[in-house]
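Quick one: structure below, then a few questions.
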Amino acid sequence: MAQITCDKCGHSQDFRPHTSKLPDGVERVYIKCAKCGEQYTAFYTDKPIREIQARQRRITKMIAGRRGAEYQKLWDEFEDNKQKLTIQMFELRRRQEAGDPRG
């Protein structure tokens, strides 16, 4: 398992993310230092983001053993979804950390 080091106290520990539920169906995924309790946000998700993440997991399973046009179609969808996730997660984080969950 990956090790992380707390910026505040220097304690090293295994990477173990935690999740907390926020208003409007938003979830915050974060890491908490076992020694000093400092928290570091990894990312935020909402229902549309979690749906795309679930689709990505399904595509990953479906793509195995596929060839040709069928493979390319799934791969293109996977890549499009990656871009969508990047943009949506960036915007959600910006809104959450600005204290304006609705944008």
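The values are calculated or read from the model by the stated rules, or taken from the named source; none is laboratory data. This is a predicted model, so every value here is computed, not measured. Cβ coordinates were reconstructed from backbone atoms using ideal geometry, including for glycine residues, and neighbour counts include every protein chain displayed.
Among TYR71, TYR30, which is the only one that is of a type in the set (Ser, Thr, Tyr) and either surrounded by fewer than 13 Cβ atoms within 10 Å (Cβ to Cβ) or in a helix (DSSP H, G or I) (or both)? Write out each step before concluding.
Details: TYR30 fails: either surrounded by fewer than 13 Cβ atoms within 10 Å (Cβ to Cβ) or in a helix (DSSP H, G or I) (or both).
Checking each option against the conditions leaves just TYR71.
Identify the residue in the range 33-55 that is assigned to a strand (DSSP E or B) and under 11 Å from the mean Cα position of the chain (by Cα) and, among all such residues, is nearest to ASN81 (Cα to Cα). Show your work before the answer.
As a first pass, look at the range 33-55 and keep what is assigned to a strand (DSSP E or B): 39-45.
Add one more test, that the residue is under 11 Å from the mean Cα position of the chain (by Cα), and what stays is 41-45.
Values: THR41: 22, ALA42: 19, PHE43: 17, TYR44: 17, THR45: 14 Å.
Step by step, filter the range 33-55, then rank; the result is THR45.
This table checks each residue for (1) in the same structural domain as GLU79 (by TED's automatic domain parsing); (2) out of contact with any Ser or Thr (no Cβ under 9 Å at 6 or more places or on another chain); (3) at negative phi.
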site	(1), (2), (3)
ILE4	no, no, yes
CYS9	no, yes, yes
ASP14	no, yes, yes
HIS18	no, yes, yes
PRO23	no, yes, yes
VAL26	no, no, yes
ILE31	no, no, yes
ALA34	no, yes, yes
ARG50	yes, yes, yes
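Also, quick follow-up: Looking at the range 18-27 only, could you name the residues that are surrounded by 13 or more Cβ atoms within 10 Å (Cβ to Cβ) and either out of contact with any Lys or Arg (no Cβ under 7 Å at 6 or more places or on another chain) or β-branched (Val, Ile, Thr) (or both)?
VAL26
Also, quick follow-up: For residues that are under 30 Å from GLN96 (Cβ atoms) and among the aliphatic types (A, V, I, L, M), scanning just the range 33-68, find the one that is surrounded by the most Cβ atoms within 10 Å (Cβ to Cβ). Walk me through how you get there before you give the answer.
Pass one, the range 33-68, residues under 30 Å from GLN96 (Cβ atoms): 33-60.
Those still in the list that are among the aliphatic types (A, V, I, L, M) too: 34, 42, 49, 52, 54, 59.
Details: ALA34: 13, ALA42: 13, ILE49: 19, ILE52: 17, ALA54: 10, ILE59: 14.
Result: ILE49.
For the range 1-17, enumerate the residues that are among the polar types (S, T, N, Q) and surrounded by 13 or more Cβ atoms within 10 Å (Cβ to Cβ).
The one that is among the polar types (S, T, N, Q) and surrounded by 13 or more Cβ atoms within 10 Å (Cβ to Cβ): GLN13.
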